[in-house]
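Chemist: Here you go, one structure.
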Amino acid sequence: MTDYLLASLFGVIEGVTEFLPVSSTAHLRLVKALPFIHIPLTDPYWKMFDVVIQLGAVLCLPIYFRKRIADFLRTFPLNPLTGKRDVLNHPVTLTLIAFFVTAGPAFLLKKVISHNLESPQVIGSALLIGGVVMWVADVLFTKPRTTDINQMNWPQAAWVGAVQILSAVFPGTSRSMSTIASGQTAGLSRSAALEFSFFVSIPTMFVATGYDLLKTLKPGPDEAALSTFTMSVHQWLTLAIGFTVSFFVAWAVVAWFMSWVRRRGFVPFAVYRIVLGLAILFLLPH
């Protein structure tokens, strides 16, 4: 398979799985391990490629939600619903609270995160357990007290941020799954939990991908280095294809997912996670 086809394939996988609660990290690593692909997880170019296509997917969010974000910034620090000053519980502040609650512990645990990224057992277990948790949350928490993120408060945001740490430490958990399920347990409706998950993604994933990209380009003394100045035109074009495909596929998935959740729920994704997690645990070597 040519690099251009691989870039398109990985772009589609990243775009589809980044915001669905099924873990993009798990899917990309599983596909790379397929016999007819078999890309080493330590290859510096493809490590950078993963970061770039993830950035492509995340970039669709501020563009897709540009009007909603503009409204939040325009009204700050007034609550858009009540018109009263409420800095602590404004959506902008709530997003930052969730981000900072996640960022500190995740940075301190970066060595654990790096180790877990190479473990199929961790990924499979996280998919399985996360699927069960998501199923339970979607079935039990059916009477939300918060139906719009303008009604959220800072303890709810802090709880979402705290649970999101799990997705950083245990690949396969899925950042989307952790924020959605924690939002539901905190009293958010499905649509409010999903929308807040998208907004928290923006600072979280931009910082995370920026940090990962820096690590890839300036690795430690025992890691392979990659210089963008020595990359070929072929490699740059491969990156561009992956980035572009990921961006547009993610855009379509976000629009579809918002509509799906309002009419149905998260149980089908929970079932998929459980099946995939069991397959990884029993079929892949450890």
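Chemist: Could you figure out which of (1) more than 26 Å from V87 (Cβ to Cβ); (2) in contact (Cβ under 8 Å) with a residue 60 or more places away in the chain isn't true of K110?
Modeler: (2)
Chemist: Now, a different point. Please determine, by comparing only the residues of segment 90-132 that are among the polar types (S, T, N, Q), at pLDDT 80 or above and closer than 22 Å to F282 by Cα, which one is surrounded by the fewest Cβ atoms within 10 Å (Cβ to Cβ).
Modeler: My answer is Q121.
Chemist: Report yes if some residue within segment 32-40 is at pLDDT 90 or above and surrounded by fewer than 20 Cβ atoms within 10 Å (Cβ to Cβ); otherwise report no.
Modeler: Within segment 32-40, none of the residues are at pLDDT 90 or above and surrounded by fewer than 20 Cβ atoms within 10 Å (Cβ to Cβ).
Chemist: On to the next question. Check off (1) buried (at least 23 other Cβ atoms within 10 Å of the Cβ); (2) free of Cβ contacts under 8 Å to residues at least 60 places away in the same chain; (3) within 16 Å of L96 (Cα to Cα) for F170 and give me the number that stays unchecked.
Modeler: It is condition (3) that F170 fails.
Chemist: Mind checking whether some residue in segment 65-73 is over 19 Å from M152 (Cα atoms), of a type in the set (A, V, I, L, M) and surrounded by 15 or more Cβ atoms within 10 Å (Cβ to Cβ)?
Modeler: no
Chemist: Taking into account only those residues within segment 230-281 that are surrounded by fewer than 13 Cβ atoms within 10 Å (Cβ to Cβ), part of a helix (DSSP H, G or I) and among the polar types (S, T, N, Q), which is modelled with the lowest pLDDT?
Modeler: Ranking the qualifying residues of segment 230-281, first place goes to T230.
Chemist: May I pose another question? Residues of segment 187-205 being crowded, with 23+ Cβ neighbours inside 10 Å and not in a helix (DSSP H, G or I), which ones?
Modeler: If the condition is that a residue be crowded, with 23+ Cβ neighbours inside 10 Å and not in a helix (DSSP H, G or I), then L188 is the only one that fits.
Chemist: Condition first: touching a residue at least 40 places away in the same chain (Cβ under 8 Å), of a type in the set (A, V, I, L, M) and either under 22 Å from V92 (Cβ atoms) or crowded, with 24+ Cβ neighbours inside 10 Å (or both). Can you find one or more residues in segment 133-146 that meet it?
Modeler: Yes - at least one qualifying residue is present in segment 133-146.
The values are calculated or read from the model by the stated rules, or taken from the named source; none is laboratory data. Predicted, not measured: the structure shown is a model, and the values here were computed from it. Using ideal geometry, Cβ is built from the backbone for each residue, glycine included, and neighbour counts are taken over all protein chains shown.
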